[in-house]
């Protein structure tokens, strides 16, 4: 499966992003050469999927989009209310297809590991969905390194024609934990990495250096804690380095931070979301930025994480 160098995330669609703004973003993304659009059944009780579904076909041809969604995280009452059991997954898939108004999705992802269900049952349900023509490719999200290796290893033995092709993980200059085990596992199993929150949940844009803008996610009751997670002293040092690099390159901090993630080993595409079309246009323009080796090395250094045994053998 081939996808664009950036993916469009739709987590805010149906909340901060209304139908008109979503339509404008989708058109701008496709016009810029984007193909991979990512959503999930849990985003605002399925409203993100519903909005995306209304835009496919009439506004943007379905065949121009690599359509990705997720299951597992959605929890409702009833025997098929959530989780990664066969019944819950296949029920969730039918709901996603109905909200999206399509007969199949191109990439169906397990949103989280479910330790209440044998992984063999979970992955067999994905195989069933592929065999039924409702799913083209399968992926996972928010898995640890051992969870990815377990799932991908099982598929390689039991269902080699239907491998896990992607893992979606948080990855940015502020969150590099995936480099310990997830990235090596993904590389070993030829699994593409989709990096969510590549801008450090907005902190790497520099907008929070002098407070919390009234129109930002950090000022929203829904997203304040989400942003606050990365508002630390360490983050402040990294943001300062990013803004310094941006000044030297005559670019935006956003473009510098995004280019760093985009070019990390193993990354297939950063998953970007935007408040409005103007912001998305600025994000897409980052594709033109190439970080000089000296600047990349400086950013690597200021954001480095500790690696020890067994990731790095000592002595």
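The values are calculated or read from the model by the stated rules, or taken from the named source; none is laboratory data. Note that the structure is predicted; figures quoted are calculated from it, not measured. So basically every Cβ, Gly included, is an ideal-geometry build from the backbone, and we count neighbours across all protein chains shown.
Among the candidates 152, 186, 190, 224, single out the residue that is modelled with pLDDT of 95 or more and touching a helix residue (DSSP H, G or I) at 6+ places or on another chain (Cβ under 7 Å).
Values: 152 fails: touching a helix residue (DSSP H, G or I) at 6+ places or on another chain (Cβ under 7 Å); 190 fails: touching a helix residue (DSSP H, G or I) at 6+ places or on another chain (Cβ under 7 Å); 224 fails: modelled with pLDDT of 95 or more.
Step by step, each of 152, 186, 190, 224 is checked, and only 186 is modelled with pLDDT of 95 or more and touching a helix residue (DSSP H, G or I) at 6+ places or on another chain (Cβ under 7 Å).
Against the numbered list (1) at pLDDT 95 or above; (2) closer than 19 Å to residue 109 by Cβ; (3) touching a strand residue (DSSP E or B) at 6+ places or on another chain (Cβ under 9 Å); (4) part of a helix (DSSP H, G or I), residue 37 comes up short only at (4). Within region 6-21, restricting attention to residues that are within 28 Å of residue 88 (Cβ to Cβ) and in contact with a strand residue (DSSP E or B) (Cβ under 6 Å, 6 or more places away or on another chain), which residue is surrounded by the fewest Cβ atoms within 10 Å (Cβ to Cβ)? Selected residue: 9. For beta carbons closer than 6 Å, sequence separation of 6+ or different chains, a first residue in region 127-142 that is surrounded by fewer than 23 Cβ atoms within 10 Å (Cβ to Cβ) and a second that is at pLDDT below 95, the qualifying pairs are 137/1. Checked against (1) more than 19 Å from residue 167 (Cα to Cα); (2) surrounded by fewer than 20 Cβ atoms within 10 Å (Cβ to Cβ); (3) within 20 Å of the chain's Cα centre (by Cα); (4) at pLDDT 95 or above, residue 243 meets all criteria but (3). In summary, residue 44 fulfils each of the numbered conditions (1) modelled with pLDDT under 95; (2) touching a strand residue (DSSP E or B) at 6+ places or on another chain (Cβ under 8 Å); (3) in a loop (DSSP other than H, G, I, E, B) with the single exception of condition (3). Scanning region 256-273 for residues that are under 15 Å from residue 204 (Cα atoms), touching a helix residue (DSSP H, G or I) at 6+ places or on another chain (Cβ under 9 Å) and buried (at least 23 other Cβ atoms within 10 Å of the Cβ) returns 256, 257, 258, 259, 260, 270, 272, 273. Of the residues making up region 288-308, at least one is at pLDDT below 95 and surrounded by 17 or more Cβ atoms within 10 Å (Cβ to Cβ). Assessment of region 61-79 against the conditions (under 21 Å from the mean Cα position of the chain (by Cα), buried (at least 19 other Cβ atoms within 10 Å of the Cβ), at pLDDT 95 or above and in a helix (DSSP H, G or I)) yields no matching residue. Condition (residue is modelled with pLDDT of 95 or more, under 16 Å from the mean Cα position of the chain (by Cα), crowded, with 18+ Cβ neighbours inside 10 Å and assigned to a loop (DSSP other than H, G, I, E, B)) applied to region 26-34: is it met by at least one residue? Yes, region 26-34 has at least one match.
Scanning region 109-148 for residues that are more than 14 Å from residue 86 (Cα to Cα), assigned to a helix (DSSP H, G or I) and touching a strand residue (DSSP E or B) at 6+ places or on another chain (Cβ under 6 Å) yields a single hit, 148. Quick one: which residue in 206, 200 is modelled with pLDDT under 95, buried (at least 23 other Cβ atoms within 10 Å of the Cβ) and under 25 Å from residue 259 (Cβ atoms)? Criteria check complete, one pass: 200.
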